[in-house]
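Heads up: the structure comes next, in structure tokens.
The values are calculated or read from the model by the stated rules, or taken from the named source; none is laboratory data. Everything numeric here is computed off the predicted structure, so don't read it as measured data. Glycine gets a Cβ as well: all are built from the backbone with ideal geometry, and neighbour counts include every protein chain shown. The area values use the complete protein model at the heavy-atom level, side chains included, leaving out ligands, DNA and RNA. Shrake-Rupley method; radii C 1.70, N 1.55, O 1.52, S 1.80 Å.
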Amino acid sequence: GAKRDGKSHIGLYDPVEGDLSSVRLNFQHAVERALAANEFVLHFQPIVDMQDGRIVGAEALVRWLDPERGMVPPAEFIPLAEATGRIGAIGQWVFHHACRNAARWLRQGHDLHVAVNLSAVQFASANLAVRLREEMLSANLAPSRVVIEVTETAVMQDVERSLGVLNALHALGIGMAIDDFGTGYSSLAYLRRLPAQTIKIDQSFVRDVDTDSEDLAIVRAIVALARALGRKTVAEGIENAQQWKLLQAIGVDYGQGYWLGRPVPEDELRALLGSNQGRVTAVAQQTTTQR
Ligand code: C2E
Ligand code: MG
Ligand code: MG
Ligand code: MG
């Protein structure tokens, strides 16, 4: 069976057990079964305003609830899904459910957007904009309530084609964020051409921002660059109050991280939205103590 230490690179399917083509085939069938049996689940992580801790959005993060292996994280199946051509089906499932959940939050009076990760394979498909538009229409969700997250590296795989698809999504009114900024391959020239309103500062720069002066310098530079280009910033991976305070002082617009809120099932997200006037608990408590 699959390794249980959680460290095997494929996780679900041990390549040692068979040749590569049977691994691929098994995986493809497993994905079809999982889609049919509704084994994928979305968790949502709050994206909060750095000034007041208000939840302004939620990132949809997919998990595979495997009956035998339990909760399988995306790092263990997204790359394989990309390599075996199954990412389209999973991505469609994710977008469908993300839109429906977001439409429900809005109907219940909460004011936020949903962020959805797209892989390079997905936006290499020319009719992506058409399909996403149909999903938003059938969910009765305004495109302005959706932000897609793409990495620089994904865009760079086929720049002209990616820009074509991303511009088509932009024309629909969908928002766009550059994920894991600073870790990929790209050039500032492309940053200028991407229709992205938001830059997500990768968690590797945030982790030691309060102790490492070079990380601090990088974060400051990204914030200055984003400002100069008229883009917003999100800091990923905020795990404690010190990081939060420092990033707030630097002028980062939005934050995400375990200290603010872990990815949670949809009902828990709604409970969060309903408490503290929509502010995350950690920040709500801080402001109360200060008073
Ligand atoms: P990402 O889009 O950069 O998402 C952020 C990841 O960081 C998530 O991991 C999240 O749980 C984790 N994270 C959030 N706050 C903290 C923190 O304070 N500390 C630490 N150490 N980690 C934090 P997750 O859910 O395991 O997802 C990993 C990656 O898988 C995502 O990175 C994204 O690239 C990909 N992914 C997830 N869902 C989807 C999806 O629906 N479609 C596609 N194509 N990719 C997805
Ligand atoms: Mg993301
Ligand atoms: Mg990221
Ligand atoms: Mg990432």
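By how many degrees, between 0 and 90 and to the nearest 10, does the Cα long axis of helix 128-139 differ from the longest principal axis of the chain? So the inclination is approximately 70 degrees.
As a length-normalised measure over Cα pairs under 8 Å and 6 or more apart, the relative contact order of the chain settles at 18 percent. Here the extension length gained between R131 and Q28 equals 34.9 nm, from 0.36 nm per residue of separation less the Cα-Cα distance.
About its Cα centre, the chain has a charge dipole of approximately 860 debye under the convention of +1 per Lys or Arg Cβ and -1 per Asp or Glu Cβ, with nothing else charged. Seen against the Cα atoms of the chain and their longest principal axis, helix 213-228 is set at about 90 degrees. Given a 1.4 Å probe and every protein chain left where it sits, what share in percent of the accessible area of the chain is carbon and sulfur? In the chain, the share of accessible area belonging to carbon and sulfur is 51 percent.
Taken about its Cα centre, the range 16-61 carries a charge dipole of about 80 debye when Lys and Arg each add +1 at the Cβ and Asp and Glu each add -1 at the Cβ. Ligands, DNA and RNA aside, L20 has an accessible area near 110 Å² when probed at 1.4 Å.
Counting only alpha carbon atoms, the long axis of helix 241-250 and the longest principal axis of the chain meet at about 70°.
Once the 1.4 Å probe is applied to the protein heavy atoms, the range 210-291 comes out at 52 Å² accessible per residue. The residue list S125, M50, A189 was ranked by how far each Cα lies along the charge dipole of the chain toward its positive end, using unit charges on Cβ atoms, and M50 comes out on top. Put the Cα centre of the range 73-104 next to the Cα centre of the range 158-225 and the gap is 22 Å.
Based on protein heavy atoms only, the range 95-162 ends up with 45 Å² per residue of surface accessible to a 1.4 Å probe. Within the full protein context, the accessible area of K245 is estimated at about 110 Å² for a probe radius of 1.4 Å.
Dipole orientation for the range 148-291: of the candidates A224, A154, S213, A224 has the Cα lying most toward the positive pole (charges on Cβ; Lys, Arg +1; Asp, Glu -1).
To the nearest 500 deg cm²/dmol, what mean residue ellipticity at 222 nm is calculated for the chain from DSSP H runs of n ≥ 4 alone, each contributing -39,500 (n - 2.57), summed and divided by the residues?
Calculated at 222 nm, the ellipticity per residue is -13500 deg cm²/dmol.
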